[in-house]
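Working notes, structure below.
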Amino acid sequence: MNRTSLRRTLVPAVAAVAAISLTACGAANEDSNDSDKGLSGTLNGGGASSQEAAQTAWRAGFQKDNGGATVNYDPVGSTGGREGFLDGGFAFAGTDSYLSDEEVAKAKETCGTDAIEVPAYVSPIAVIYNLEGVDSLKLSPQVIGDIFNAKITKWNDPKIAELNDGVDLPDADINAVHRSDGSGTTKNFTNYLTNVAPENWPHGAIEDWPIKNGEGANGTSGVVAAVKDNPNSIGYADASQATELGHVEVQVGEGFVAPSAEAAAKILEVSTRVEGRPATDMAIDLDYKTSDSSAYPVVLTSYLVACQQYPDAKTADLVKGYLTYVVGTAGQQAAADNAGSAPLSAALADEALKHIADISAK
Amino acid sequence: MATAHTTEAGSSRAVRRPGDVIFSGLSTGAAFLILAALAGVAIFLTIEGWPAVTASSGELGADNIVLHVWPLLFGTLLAAAIAMLIATPLAIGLALVISHYAPRRLAGPIGALIDLLAAVPSVVYGLWGIQYLAPKMLPVYQWLQDNLGFLPFFEGPATTGRTLLTASVVLAVMALPIITSISREVFAQTPVLHQEAALALGATRWEMIRLTVFPYGRSGVISAAMLGLGRALGETMAIAMVLSATGVISFNLISNQNPSTIAANIALKFPESTGVHVNVLIFSGLTLFVVTFLVNFAGRWIASRGQVKG
Amino acid sequence: MTVLETPPTAQRDALPLVAPQLPRWAPALALVIAAAGAGILALLLSWGLTGTLLATVLLLALVLPLWSRFVEGGRRAKDRLATILVWSTFGVAMIPLTTLLWQVIDNGAGVLSGQFFSYSMRNVVGEGGGIYHAIVGTLIITLWATAISVPVGVLAAVYLVEYGENRLPARIVTFLVDVMTGIPSIVAGLFAYALFVIFFGPGVRMGFGGSVALAVLMIPIVVRSTEEMLKLVPNELREASYALGVPKWRTITKVVIPTSLGGIITGVTLAIARVAGETAPLLIIAGKTDSVNFNAFAERMQSLPVFIYYSFTQPGVPPQYGQERAWGAALVLIALVMVLNLIARIIGRIFAPSKR
């Protein structure tokens, strides 16, 4: 090969590639004319992956109104989100479990004032199952605890049969699927079991699945896929992500309740606040033991955490704008439509909006 | 070594010009930048992992760090070892197809096909493993449990396809092109005279391969397997997506409770970890780094020893 | 040795010059027999296609060597068995490749459209959207990774071949480069993240960080391939250049490197192909976003592997749209990597030293 001819061909080729990459234009759906509408800048948050579907809807809604703004949400997990928020990496965080008292103190350090913590995403966790020919399954919290604790290992166990008269339960091993990654869904689910059936589920409320029984699957989609692919499986997942699978009706008081947005919203209404928290903190102490059979107690309550004050006005405005949208009617409706969550009640939303309105620059 | 290096004549006689000094300085610098990067990785892992060693048992959830990392290391080694058991014989066969069996015109395309396997990103292997392979393997596992259930490996219960064996198969597929490409190079280098001599003595093709190609290529194949093992040990996303990991120590390959692997465990647990748990994860990363280091070390050492002999 | 076996027959006058051999069409006949046998079994026991194929190969491995055993003797039977086994490994290795490609194309081809390539995921909920931002991100991150690793890798290889002279430091570097090829990708990601946190504070995400992590993975591949190529440059070329009074550095840049340029480019392209599909490090340091970001030094940048991972694990509601996009992006990523491999092969062939 002649070297000069090589150079003659290489140089224009390289130049062409460089030109293409320099003149590369934005995506066809990103209209640059939008950018003078509303707020602008980049807002970075992250946290609970359970919020991701809702966050996608919220981002879309917010960015449509504020063409110059870009919101990023890293679904890194609740702990990662809280940690990122506390060390200043995220301007806001989504978390499936409210801040611990220690974290509240630390947040105050990071922000200078008390942090804002508002519920943003409430969604029922469905106990999903895959049993051929079984369209409806009723379980009590005690039995659910026993199943996931590997004390009940057969589908035709008398304890299950007792609750399901007339259902033909197979003589098969139960394949109990849990999350293999650390997860807020696991924490909320185990929190429910710990509160309602502590004897059947003695392992506490924890993000990492504590025992070595059952099948582990990565992420909500992994659990759903595992249950779907393997007959005789049972698992737990955000109800909206598992619409094709059977949902267990969970015993509440005397009745059995299937997961639904309305029933999940109901449980928030009958619950009280966590005591001893700052005024801007809306952490909710879910009343899992309620006997109100119109409420579905296995819910995921996911919060948004933000500072009251930010060093620069731009971030403050963005956080304020975004959170206002999220908690407001439009945002909650968008989440309900696109993520199957339960919209916040008017009272809760109003209180949250009040706190958010106080966000300002230092 | 196949080729000679620069002779001393070049460096000692040439006049030292500024350009020379700068250029040699640059290239030496680049070489040592690599050392610095590697040292940086090692130092970073050590510093960040050290708190895990001194952490109290309460924080770890195990008596000490060794007990915490051991199940993960066990899973990593077991999955990689099974992958090697599957991949190495296949790779030797494939390398022979390319070097000795296939007609010359076909050998190139066959080699390219195998290399395509190396071009598939691990996240795509993950998709394939979880959506295609795992469901297909479930009936096989049920059969294994029914018919070979008396063996500890196949005890079951076979309720899921996302087992350690499935993960190992995925790893084997990923390691296959690496082992094949090195093995086929080695096989192709077998002296033609040896082969012709064997054939002239009336050996069949298989006897010729056994008598000339295998002894010549043994060290090359072993080092190829070691490098494939290195790839299998460090694989992250595919395992994280495919394996149903619960962290037990068990030789049971087809149950729904499987040992996790270090890399997959980091990917799965890192987001939800805080404080000392991050250190624990990084310490496990250090362990993986050291193991991979040793495996690669062994592989290269065997290869270089073989080269001297050949 | 089996060679010492006495001939089975004592009839000296009829001693044949060639040992009895199966006819050329014997393997084909055996295959037909095996396939027929397997087919009958499959009909009787109602097996699927996989079972039938498996039975065919097993029967073939039984029939042909047995036949050969009686006609040609044990050694040839063994040879035939070995041939069947060796070829069947090829068949086995093709199973994952074909099923994988088929899966990806089957699931991913449907979503490909002009919109899929030109849209980002900004403001997209549910159906629609595209991977423009991820393609841009992958290109930019990989470009920067290449920009870091090629100079470093090539210069280091120059050091090893031209300056190191196989002394201890060079041997150590060679060895450690080999070791570096084994760094698990997630460890590289953690390292890059820790490094950037030192400079930019916690929570840092930028495309360039991903490039650094990828460069850590890429450099050893570039060094190895470049080193091999430089070693192939005949020493006579160097000596001729020195004899003309050309300084060493100009000899390297004007003679040695241009001579081996084809091989070096091949190696670099293969290295790019290898890292373009890396997920774990980018997950940690490059982050994810829905929008296009052209600036590698600020803010999050989406990349194809991360897009695939998140689209699959967080598909949204209803999940099928996200999963469709994951498969579509997987198809694009595989195509990209395979095209890069192909380019590497073509370059390698054009510049192959044997043409000289």
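Observations
- When the test is whether a residue is under 20 Å from residue B:87 (Cα atoms), open to solvent by 70 Å² or more (accessible area, probe 1.4 Å), in a helix (DSSP H, G or I) and among the aliphatic types (A, V, I, L, M), residue C:105 does not pass it.
- If you go through the stretch A:320-362 and pick out every residue that is out of contact with any Pro (no Cβ under 8 Å at 6 or more places or on another chain), open to solvent by less than 20 Å² (accessible area, probe 1.4 Å) and of a type in the set (S, T, N, Q), you end up with 1.
Residue-wise test of (1) buried (at least 23 other Cβ atoms within 10 Å of the Cβ); (2) closer than 27 Å to residue A:95 by Cβ; (3) not small (Gly, Ala, Ser).
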residue: B:217; (1), (2), (3): yes, no, no
residue: B:230; (1), (2), (3): yes, no, no
residue: B:235; (1), (2), (3): yes, no, yes
residue: B:271; (1), (2), (3): yes, yes, yes
residue: B:274; (1), (2), (3): no, yes, yes
residue: B:297; (1), (2), (3): no, no, yes
residue: B:304; (1), (2), (3): no, no, no
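- Just so you know, in the stretch A:240-254 the residues that are over 19 Å from residue A:175 (Cα atoms) and at the interface with another protein chain (Cβ under 10 Å from one of its Cβ atoms) include one that is least open to solvent (accessible area, probe 1.4 Å), and it is A:240.
- Residues of the stretch A:58-73 that are touching a Lys or Arg at 6+ places or on another chain (Cβ under 6 Å) and not aliphatic (A, V, I, L, M): A:67, A:72.
- All positions within the stretch C:152-174 that are facing another protein chain (nearest Cβ under 7 Å) and either within 23 Å of the chain's Cα centre (by Cα) or modelled with pLDDT of 85 or more (or both): C:152, C:155, C:156, C:158, C:159, C:160, C:161, C:162, C:163, C:173
- Taken over the stretch C:70-102, the criterion of being part of a helix (DSSP H, G or I), over 28 Å from the mean Cα position of the chain (by Cα) and within 13 Å of chain B (Cβ to nearest Cβ) is satisfied by C:74, C:75, C:76, C:77, C:78, C:79, C:80, C:81.
- The stretch C:290-331, residues that are under 30 Å from residue C:263 (Cα atoms) and open to solvent by 20 Å² or more (accessible area, probe 1.4 Å): C:331
- Of all positions in the stretch A:192-209, at least one carries a residue that is touching a His at 6+ places or on another chain (Cβ under 6 Å) and either open to solvent by less than 20 Å² (accessible area, probe 1.4 Å) or not polar (S, T, N, Q) (or both).
- Note on the stretch C:244-282: residues that are in contact with a Ser or Thr (Cβ under 8 Å, 6 or more places away or on another chain) and crowded, with 20+ Cβ neighbours inside 10 Å amount to 20.
- Of all the numbered requirements in (1) within 11 Å of chain B (Cβ to nearest Cβ); (2) modelled with pLDDT of 90 or more; (3) open to solvent by 40 Å² or more (accessible area, probe 1.4 Å), residue C:222 misses one, and that requirement is (3).
- Members of the stretch A:162-216 that are over 23 Å from residue A:50 (Cα atoms) and within 12 Å of chain B (Cβ to nearest Cβ): A:172, A:173, A:174, A:175, A:212, A:213
- Complete set of residues in the stretch A:288-319 that are open to solvent by 20 Å² or more (accessible area, probe 1.4 Å) and over 20 Å from residue A:139 (Cβ atoms): A:308, A:309, A:311, A:312, A:313, A:314, A:315, A:317
- Filter result for residue C:199 (under 24 Å from the mean Cα position of the chain (by Cα) and free of Cβ contacts under 8 Å to residues at least 12 places away in the same chain): no
- Looking only at the stretch B:75-112, residues that are under 19 Å from residue B:231 (Cβ atoms) and open to solvent by 10 Å² or more (accessible area, probe 1.4 Å) come to 11 in all.
- Among helices (runs of 4 or more DSSP H) entirely within the stretch C:261-316, having at least 2 residues that are over 17 Å from residue C:142 (Cβ atoms), at the interface with another protein chain (Cβ under 7 Å from one of its Cβ atoms) and free of Cβ contacts under 8 Å to residues at least 60 places away in the same chain singles out C:304-313.
- Residue within the stretch B:114-134 that is open to solvent by 40 Å² or more (accessible area, probe 1.4 Å), more than 9 Å from chain C (Cβ to nearest Cβ), part of a helix (DSSP H, G or I) and out of contact with any Lys or Arg (no Cβ under 8 Å at 6 or more places or on another chain) present: no
- Summed over the stretch C:112-147, the residues that are in contact with a Phe, Trp or Tyr (Cβ under 8 Å, 6 or more places away or on another chain), open to solvent by 10 Å² or more (accessible area, probe 1.4 Å), at pLDDT 90 or above and not aromatic (Phe, Trp, Tyr) give a count of 3.
The values are calculated or read from the model by the stated rules, or taken from the named source; none is laboratory data. Quick caveat: nothing in here was measured; it's all calculated off a predicted structure. For neighbour counting, all protein chains shown are included, and Cβ atoms are generated from backbone atoms with ideal geometry for every residue, glycine included. For the accessible areas, the whole protein counts, side chains as well, though only heavy atoms, and no ligand, DNA or RNA atoms are used. Shrake-Rupley method; radii C 1.70, N 1.55, O 1.52, S 1.80 Å.
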